[in-house]
Amino acid sequence: MKITVKLFGTLAMGFSGYDPVTGMDIDIPDGAKIMDIFARLDISAHEGCFVSMNNRVVGKDQKLTGNATVLIFQALAGG
């Protein structure tokens with residue numbers, strides 16, 4: 001199935017030609033979960049990211065739906 005992924009923070013730096021406006025389309029097997037996107041894009045699931053799918057915050061065990069838009073936000077820290 002095809003999904004659109006948008007990366008925020010420095011996550012996009014690892015993808016040459018990444019367009020932050022449109023994100024990137026990826027094909028992923030039916031039945032895949034959010035954590036499978038992390039594996040496919042080689043993003044550590046322990047980077048403190050949080051994820052939104054179709055405008056709803058979801059966990060990494062959430063099953064993906066076809067034509068979903070997934071936003072992956074890098075955790076921020078500061079003071």
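Against the definition (outside any strand (DSSP E or B) and at pLDDT 90 or above), how does residue 25 come out, yes or no? It is false that residue 25 is outside any strand (DSSP E or B) and at pLDDT 90 or above. Just one of (1) part of a loop (DSSP other than H, G, I, E, B); (2) of a type outside the set (S, T, N, Q); (3) touching a residue at least 60 places away in the same chain (Cβ under 8 Å); (4) surrounded by 13 or more Cβ atoms within 10 Å (Cβ to Cβ) fails for residue 76. It is (4).
Could you say whether any residue in the stretch 31-45 is surrounded by 14 or more Cβ atoms within 10 Å (Cβ to Cβ) and among the acidic types (Asp, Glu)? Looking through the stretch 31-45, at least one residue is surrounded by 14 or more Cβ atoms within 10 Å (Cβ to Cβ) and among the acidic types (Asp, Glu). When you look at residue 10, is it among the polar types (S, T, N, Q), surrounded by 13 or more Cβ atoms within 10 Å (Cβ to Cβ) and outside any loop (DSSP other than H, G, I, E, B), yes or no? No; evaluated as a whole, the condition is false for this residue.
Residue under question is residue 44, and the condition is that it be over 15 Å from residue 6 (Cα atoms) and of a type in the set (S, T, N, Q); does it hold? Criteria met by residue 44.
Considering (1) surrounded by fewer than 11 Cβ atoms within 10 Å (Cβ to Cβ); (2) touching a strand residue (DSSP E or B) at 6+ places or on another chain (Cβ under 8 Å); (3) not charged (D, E, K, R), the lone condition that residue 24 does not fulfil carries the number (1).
The values are calculated or read from the model by the stated rules, or taken from the named source; none is laboratory data. Just so it is clear, the model here is predicted, and its values are computed rather than measured. Reconstructed Cβ throughout: ideal geometry from the backbone, glycine too, with neighbour counts over all protein chains shown.
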